[in-house]
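The values are calculated or read from the model by the stated rules, or taken from the named source; none is laboratory data. The structure presented is a predicted model; accordingly, all values stated were derived computationally and were not measured. No Cβ is skipped: glycine too gets one built from the backbone with ideal geometry, and neighbour counts run over all protein chains shown.
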Amino acid sequence: MARRSSPECWEVRHDFESVLRNAQKIGDRQRTLSAGGVLRSDERFPIVSLDERAPDSIEARILVHGEEENGRTYMMLEATDAKVYVVSHTRRMQQMRSTGGLRPNTFVQLHRVTSGGIASIEIEELGAAEKILENRAYLAATAKRLARRGVIPTEDGWGGWLGRYQQAVRRAVEELVQERAPRRERKPSGISR
């Protein structure tokens, strides 16, 4: 933010105010997460805002909902890519919350949609995050999607929910590979005495 240009002089970045505000926002969000949310799988996950650089599709579990000083509401998601995304609530998300949806520890899919040049986010609830780990149909579909893209999932050593998710997807991929492997014909065994 500042660097010493001489023993008695410092140069300060011209955008220091926005840098300080962003640092404060991150601190506020970490406090919100600690105070009322579901535990993250790992404290090392970066906290990032969902913006134009984010993937077009995200699968994640809801950690917590919060409100900024200006009254805008948001939620924090622990995504399967080992990041915590901060997502501003859309009208649809607020409606879902008002009817009891989008609870913490719910597994969701977010998709970026562009219509008429306007980008928006669609969200779909897939159920309890712990239950998704046992949902064979979801895991098989995820394994097939990854296989089509040539992605071989790994277990990155994360603990908590994300570690269990990675194990479940890895097992689903292994099952898919076994199903697709050519079956060897069994030769009739000889008669033993």
Taking segment 90-123 and the residues there that are under 20 Å from the mean Cα position of the chain (by Cα) and assigned to a loop (DSSP other than H, G, I, E, B), the one that is nearest to ALA79 (Cα to Cα) would be ASN105
Item to check | Flag if ALA137 is outside the structural domain of ASP42 (by TED's automatic domain parsing), at pLDDT 90 or above and surrounded by fewer than 10 Cβ atoms within 10 Å (Cβ to Cβ) | outcome: yes
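For LEU110, state whether it is in contact (Cβ under 8 Å) with a residue 60 or more places away in the chain, crowded, with 17+ Cβ neighbours inside 10 Å and at negative phi.
Values: in contact (Cβ under 8 Å) with a residue 60 or more places away in the chain: yes; crowded, with 17+ Cβ neighbours inside 10 Å: yes; at negative phi: yes.
Considered against the rule, which asks whether it is in contact (Cβ under 8 Å) with a residue 60 or more places away in the chain, crowded, with 17+ Cβ neighbours inside 10 Å and at negative phi, LEU110 comes out as yes.
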With the first residue restricted to segment 167-179 and required to be of a type in the set (A, V, I, L, M), and the second required to be exposed (fewer than 14 other Cβ atoms within 10 Å of the Cβ), Cβ contacts under 8 Å at 6 or more apart or on different chains are ALA168/GLU134; ALA172/ARG136; VAL173/ILE152; LEU176/LYS144
Note on ILE62: of the conditions (1) more than 21 Å from ILE118 (Cβ to Cβ); (2) surrounded by fewer than 20 Cβ atoms within 10 Å (Cβ to Cβ); (3) at pLDDT 90 or above, unmet is (2)
When segment 77-88 is checked residue by residue, the ones that are outside any strand (DSSP E or B) and either acidic (Asp, Glu) or buried (at least 20 other Cβ atoms within 10 Å of the Cβ) (or both) are ASP81
Selection from segment 135-155 of residues in contact (Cβ under 8 Å) with a residue 12 or more places away in the chain, within 19 Å of PHE107 (Cβ to Cβ) and not in a helix (DSSP H, G or I) yields PRO153, GLU155
